[in-house]
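Student: Input: one structure, supplied below.
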Amino acid sequence: MKGYNKIFWGLIFVVFNINLGPINILPDFLGYFLISIGLSAIQNEYDHDSFKLAAIIANILGAYTLITSILAFVSGGSYEIFNNSIVNIGFTLLVSAANLVMEFNILSGTASIFKDMEKLEEAEETYKIQRNYTYLCIIALFFISIIFNISNISNSTIALIMVIYYLIVRIYYISVIRRIRKFFDNETIGYETDMANENLDDDNN
């Protein structure tokens with residue numbers, strides 16, 4: 001299913017930031033728009049509201065990161081919308097929470113597809129991953145919000161450890177989407193093979 005392929009690559013763009021001066025080689029806004037396109041493709045094939053909500057959030061985040069990317073490019077570096085650092089931290093956490101809701105709904109929709117396919121074991125496993133990932137993200141966001149609100153440790157090793165921890169959690173999510181992508185690719189190949197065999201049998205008859 002090509003939709004999951006677009007989601008996978010979109011997440012790569014969103015999670016990994018590689019900057020060349022003021023230019024982000026893997027811009028977040030492109031990643032979010034790729035995710036939105038992928039979600040829309042899946043939604044057209046499997047009508048589940050979870051994909052629709054996730055696509056709306058992806059579009060909002062895409063528009064937001066496009067604006068901040070343009071402002072950063074014009075200013076020659078990183079750009080903060082608000083002058084107050086605490087407000088900026090809060091806004092960053094809000095964006096992270098929006099990401100979590102988007103990713104939560106992607107897994108919800110995927111579990112629903114598995115149910116439609118009567119693959120109950122895969123559906124249950126997806127729900128389990130969804131719960132674990134949500135807990136891991138909430139822990140990360142909770143401690144990051146505390147750390148960056150305490151000025152004495154905002155630049156400490158603890159802050160760095162939590163940022164790395166959150167990055168690892170996001171990479172884990174990407175690996176989950178990669179496995180889901182491979183599953184549906186194999187299912188499609190199997191389906192096409194079955195159809196070819198059926199057509200061959202019909203010709204022989």
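Please treat every number below as a calculation from the coordinates, not as lab data. Computed from a predicted structure; not experimentally measured. Neighbour counts are summed over all protein chains in view; Cβ atoms, including those assigned to glycine, are modelled from backbone coordinates with ideal geometry.
Student: What are the ³J(HN,Hα) couplings of the stretch 97-103, residue after residue, when phi is run through the Karplus curve with 6.51, -1.76, 1.60 and θ = phi - 60°? Round to Hz, x for glycine and proline.
Tutor: Taking θ as phi minus 60°, the curve returns 5, 5, 4, 4, 5, 4, 5 Hz for the stretch 97-103.
Student: Label residue 156 and residue 119 with points 7 Å out from Cα along Cα→Cβ: what is the distance between them in nm?
Tutor: 4.6 nm
Student: What does the extension gain come out to for residue 2 and residue 185, with contour length at 0.36 nm per residue minus their alpha carbon separation?
Tutor: 65.1 nm
Student: Each residue of the stretch 170-178 in order: what ³J(HN,Hα) in whole Hz does its phi give by Karplus 6.51 cos²θ - 1.76 cosθ + 1.60, θ = phi - 60°, with x for Gly and Pro?
Tutor: Here the 3J(HN,Hα) series is 5, 5, 4, 5, 4, 5, 5, 4, 4 Hz.
Student: Mind giving me the nanometre distance, one decimal, between the label points for residue 164 and residue 25, set 7 Å out from Cα along Cα→Cβ?
Tutor: Result for the modelled spin labels: 2.2 nm.
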